[in-house]
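Enquirer: My questions all concern the structure below.
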Amino acid sequence: MADAEIIPIGTRGQPGRGAGKRPSAAARDLAPKSGTPRKTPARKPGPAAGDAPDASGGVAPGEVAEETAAERPARTLKERPAAEPDAEQAAAARTEGRGLSPLAGIPAGDWLAAFQHASKELFGDQWEPQLARFLAFLRRRLTGEYAVDEYGFDAEVTERFFMAALRPVAQKWFRIEVRGIDNIPAEGGALVVSNHSGTVPVDGLMTMVSIHDHTGRFLRPLGADLVFRLPLVGSVARKGGATLACSEDAERMLRGGELVGVWPEGFKGIGKPFSERYKLQRFGRGGFVSAALRTGVPIVPLSVVGAEEIYPLVGNIPSLARLLGVPYIPITPLFPLLGPLGLVPLPSKWLLEFGEPIRTDEYDAGAAEDPMLVFNVTDQVRETIQQTLYSLLMQRESVFR
């Protein structure tokens, strides 16, 4: 034992671990602070956060490491476990991480309930058959399985959209009262002849929806060539059943059993000043009478009261009208003073009265070639409408009720 080499403790360890005069960092941590008693709390075996490491990197059992104020924040940030987010934050983080919309989390039952509620609001209590018919309509439109006649008339679009759009205006805005609707034949060809007024030909549209709602028949209007020259109006008019006001088309429709409408006053009727309201203008040369005589269909006179007041025409700009290629540029008390607001028609009360049909099948085959006969029948139709207008004006209590 005398030859044994005596090695001081710590002299062959790693540099800084007791090899110098200053205590090592591990030793300094083991030493309690001056005036502070050593803490020896009861603890479970094994290392724990806050235990002081020994010289070999372990933790001295039962010893709690002391740390300086500078070392505490660093250890807290490094060793403190991150707080677990709650369930909603975690779900939102996962949703955002996947790039999904927040609506992706709505249950399918809520989507179905919202869809059912919207369908009921749109189609009413019987929304299921209504929706089924609407989807069938869309399918036919997409596949081209729908019928359009030789004039471009689309009965399905007219009934589902045009009539549906015009009906609230006729019932709620103008509050149209229809009289003598039994004079419209239930079937077969007939020619409805009406006075024309209102600055804008709204009376033709109201006549169409009124006849359809009371008889179920479509009125096929005869329109001026200007209507079909307009880009969008022409195609819409064709789909709604209108065609050009010429004898050939009119006679073909009447022979085909259609209900045809004509307004013989033309632009002179709708463009007359407000001071001449309800005074019929000239009925052209009686072309509509010739068509009725050739086809043997009855002529049903129609008198419309109320349309004269929707746009009271007080002036015109002829030079601008000629420049634009239109019959007139209307000036009313509200237009163009109020701009687009002036285009809203006034809510006048309307009366529509259909007179007794004038038969034409009793005349000879060549009656349409007799100018005097054509003139007499034309004058008879005009006088019938004029006298009925005077009668309705006397019965009307007020313009707006």
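Enquirer: Here is a list of conditions, (1) at pLDDT 95 or above; (2) assigned to a loop (DSSP other than H, G, I, E, B); (3) surrounded by 17 or more Cβ atoms within 10 Å (Cβ to Cβ), and residue 257 meets all of them except one; can you say which number that is?
Expert: (3)
Enquirer: Moving on to the next point. Here are some residues: 377, 381, 326, 304. Which one is touching a helix residue (DSSP H, G or I) at 6+ places or on another chain (Cβ under 6 Å) and either under 22 Å from residue 224 (Cβ atoms) or acidic (Asp, Glu) (or both)?
Expert: One residue alone meets the criteria, 304.
Enquirer: State all residues of the range 155-188 that are at pLDDT 95 or above, touching a helix residue (DSSP H, G or I) at 6+ places or on another chain (Cβ under 6 Å) and within 27 Å of residue 249 (Cα to Cα); if no residue qualifies, say none.
Expert: 163, 166, 181, 184
Enquirer: Looking at the range 263-287, which of its residues are farther than 30 Å from residue 334 by Cβ and either modelled with pLDDT of 90 or more or surrounded by fewer than 18 Cβ atoms within 10 Å (Cβ to Cβ) (or both)?
Expert: Across the range 263-287, the qualifying residues are 283, 284, 285, 287.
Enquirer: Applying the selection to the range 339-361, what residues are surrounded by 13 or more Cβ atoms within 10 Å (Cβ to Cβ), at pLDDT below 95 and of a type in the set (Gly, Ala, Ser)?
Expert: 342
Enquirer: Just checking, how many residues over the range 279-318 are farther than 27 Å from residue 186 by Cβ, under 38 Å from the mean Cα position of the chain (by Cα) and not in a strand (DSSP E or B)?
Expert: Residues that pass the stated criteria total 9.
Enquirer: Counting only residues that are in a loop (DSSP other than H, G, I, E, B) and farther than 20 Å from residue 280 by Cβ, how many does the range 189-239 have?
Expert: Of the residues in that region, 5 qualify.
Enquirer: If you scan the range 346-361, which residues turn out to be farther than 21 Å from residue 182 by Cβ and either without any contact (Cβ under 8 Å) to a residue 40 or more places away in the chain or in contact with an Asp or Glu (Cβ under 9 Å, 6 or more places away or on another chain) (or both)?
Expert: Residues satisfying the conditions are 346, 348, 349.
Enquirer: Taking the range 378-401 only, how many residues are loosely packed, with under 13 Cβ neighbours inside 10 Å and within 38 Å of the chain's Cα centre (by Cα)?
Expert: Within the range 378-401, residues that are loosely packed, with under 13 Cβ neighbours inside 10 Å and within 38 Å of the chain's Cα centre (by Cα) number 4.
Enquirer: State yes or no: is residue 294 surrounded by fewer than 17 Cβ atoms within 10 Å (Cβ to Cβ) and either modelled with pLDDT under 90 or out of contact with any strand residue (DSSP E or B) (no Cβ under 7 Å at 6 or more places or on another chain) (or both)?
Expert: Against the criterion (surrounded by fewer than 17 Cβ atoms within 10 Å (Cβ to Cβ) and either modelled with pLDDT under 90 or out of contact with any strand residue (DSSP E or B) (no Cβ under 7 Å at 6 or more places or on another chain) (or both)), residue 294 does not qualify.
Enquirer: Next question. Yes or no: residue 167 of a type in the set (D, E, K, R), under 21 Å from the mean Cα position of the chain (by Cα), within 30 Å of residue 343 (Cα to Cα) and in a helix (DSSP H, G or I)?
Expert: Yes, satisfied.
The values are calculated or read from the model by the stated rules, or taken from the named source; none is laboratory data. This one's a predicted model, so the numbers in the text were calculated from it and none came from an experiment. Note that each Cβ is placed from the backbone with ideal geometry, even for glycine, and that neighbours are counted across all protein chains shown.
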